[in-house]
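Student: Quick one: structure below, then a few questions.
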Amino acid sequence: MSAECSSYLNADKVLVSGFSCPRAGGDARAVFCCGFQDVKYCCDDPHSFFPYEHSYMWWLSVGALVGLSIAAVVLFAFIITVCVLCYLFISTKPRSKLDTGLSLQTA
């Protein structure tokens, strides 16, 4: 079984000529043509989208989790601060009506 990868323009706009999979000197199990319009490669999984090891994805996930955790803590602190300030504002209001010093009488 083999697949043909057609020629394509890479990200630097250089024409890369077509090739067949598996490539000479490459992995014999890589019989499928995978990739995108600007990068093609031979792979052993026809549903593969990235020509890289998946370990870098773990670091992206860890970075995203750290960023989201920091954002959640900041949001939580903001909500707590707003609640405390609202409580202090409401609890420190005077309970009785203030005397304005003017007595209003009907004429």
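The values are calculated or read from the model by the stated rules, or taken from the named source; none is laboratory data. Computed from a predicted structure; not experimentally measured. Here Cβ is always computed from backbone atoms with ideal geometry, including for glycine, and neighbour counts include all displayed protein chains. The protein model used for the area step is the full one, side chains on, heavy atoms only, and it has no ligands, DNA or RNA in it. Shrake-Rupley method; radii C 1.70, N 1.55, O 1.52, S 1.80 Å.
Student: Within segment 49-56, does at least one residue satisfy the condition of being at pLDDT below 85, assigned to a helix (DSSP H, G or I) and open to solvent by 70 Å² or more (accessible area, probe 1.4 Å)?
Tutor: Yes, the conditions are met somewhere in segment 49-56.
Student: Further, regarding this structure: Show the residue pairs that are 6+ apart or on different chains and have beta-carbon atoms under 9 Å apart, the first residue being within segment 28-46 and charged (D, E, K, R), the second being open to solvent by 70 Å² or more (accessible area, probe 1.4 Å) and assigned to a strand (DSSP E or B).
Tutor: Taking only residues 6 or more apart or on different chains, the pairs are Asp38/Leu9.
Student: Working only within segment 28-47, note down all residues that are open to solvent by 60 Å² or more (accessible area, probe 1.4 Å) and either of a type in the set (A, V, I, L, M) or over 18 Å from Ser7 (Cβ atoms) (or both).
Tutor: If the condition is that a residue be open to solvent by 60 Å² or more (accessible area, probe 1.4 Å) and either of a type in the set (A, V, I, L, M) or over 18 Å from Ser7 (Cβ atoms) (or both), then Ala28, Arg29, Asp44, Asp45, Pro46, His47 are the ones that fit.
Student: If only one of Leu75, Leu65, Leu60 is open to solvent by 80 Å² or more (accessible area, probe 1.4 Å), in a helix (DSSP H, G or I) and either at pLDDT 90 or above or in contact with a Lys or Arg (Cβ under 9 Å, 6 or more places away or on another chain) (or both), which one is it?
Tutor: Values: Leu65 fails: either at pLDDT 90 or above or in contact with a Lys or Arg (Cβ under 9 Å, 6 or more places away or on another chain) (or both); Leu60 fails: either at pLDDT 90 or above or in contact with a Lys or Arg (Cβ under 9 Å, 6 or more places away or on another chain) (or both).
From the options Leu75, Leu65, Leu60, the qualifying one is Leu75.
Student: Right, here's the next one. Could you please find all residues in segment 1-27 being touching a residue at least 24 places away in the same chain (Cβ under 8 Å), surrounded by 13 or more Cβ atoms within 10 Å (Cβ to Cβ) and closer than 18 Å to Pro46 by Cα?
Tutor: Hits for segment 1-27 are Ala3, Cys5.
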